[in-house]
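We did not get these values from a lab; they are worked out from the coordinates using the rules stated. These numbers were taken from a predicted model, which means no experiment stands behind them. Cβ atoms come from the backbone with ideal geometry, glycine included; neighbour counts cover every protein chain shown.
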């Protein structure tokens, strides 16, 4: 109980310092924690949507659309090979145009995730971890039916996998894949499925500093009007991102991870040019 109290105090301090972004199913490598260990995370992110896909090309977004927020995650290692986690996001959204001026905030959809190690990772061995995720329709509402862009009102399920190589010299690679099986939302729209592919390379510079470079491909299929059985035009989208970042480990168990994502191509809807983010993780490992 004393160790659990210490963990919860640290989690509160981290959350207060950075506050409670969109949750990432594929966070972390294939390595799982030791049985009985805890993990706490807080993340801040900022996105200014400056581009809009119009008539087959990207143009300046005629509306000012800003999205920033905080994300917290808490996890527990049930066994050496299995972890349970919960992600809780909080959003701040602004939109301004000739006809709209909104400033909204609210809790997003909560995610419950499991991580199961199929091939346990060690510094000298490759690892494979399978993830399953349940997304609950907890996003804050405005009025009786409109959501504050904080959730889509559907209960969704995702299946993914994370492959991490052993350390080779000072380098380590990751291949991550996740697929969302999205369901109907509050107004009988079938939210299109989503796929995310991540290719990442880590490099250790010192015992306390690591850098990484990541390529992300994201695909969302069109929404479908369930009563009519027809697809809703121009709702599908694809994205390519490049992410550069680093990890600083000032003390054992504490990880500070600044990073920035750059949009490098895609189609439809709106997009940002860059997305700065900072994560703070603390892992309380059982001996």
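Highest mean packing first, where packing is the average number of other Cβ atoms within 10 Å per residue, the peptides 174-181, 236-243 line up as 174-181, 236-243.
Among 103, 80, 271, which comes first, then next, by fewest other beta-carbon atoms within 10 Å? Could the numbers behind the result be given before it?
Working: 103 10, 80 14, 271 21.
Ranked by crowding around the Cβ, least crowded first: 103, 80, 271.
From least to most packed, judged by other beta carbons within 10 angstrom and beginning with the fewest, 206, 32, 72 follow the order 206, 72, 32.
If every alpha-carbon in segment 51-139 counts as one equal scatterer, what log10 I(q)/I(0) does Debye give at q = 0.21 1/Å? Treating every Cα as an identical point scatterer, log10 I(q)/I(0) equals -0.99.
Determine, at each q value in 0.14, 0.17, 0.20, 0.34 (inverse angstroms), the log₁₀ of I(q)/I(0) that the Debye formula gives when each Cα of segment 234-275 is one equal point scatterer. Values, matching the q order: -0.47, -0.58, -0.67, -1.11.
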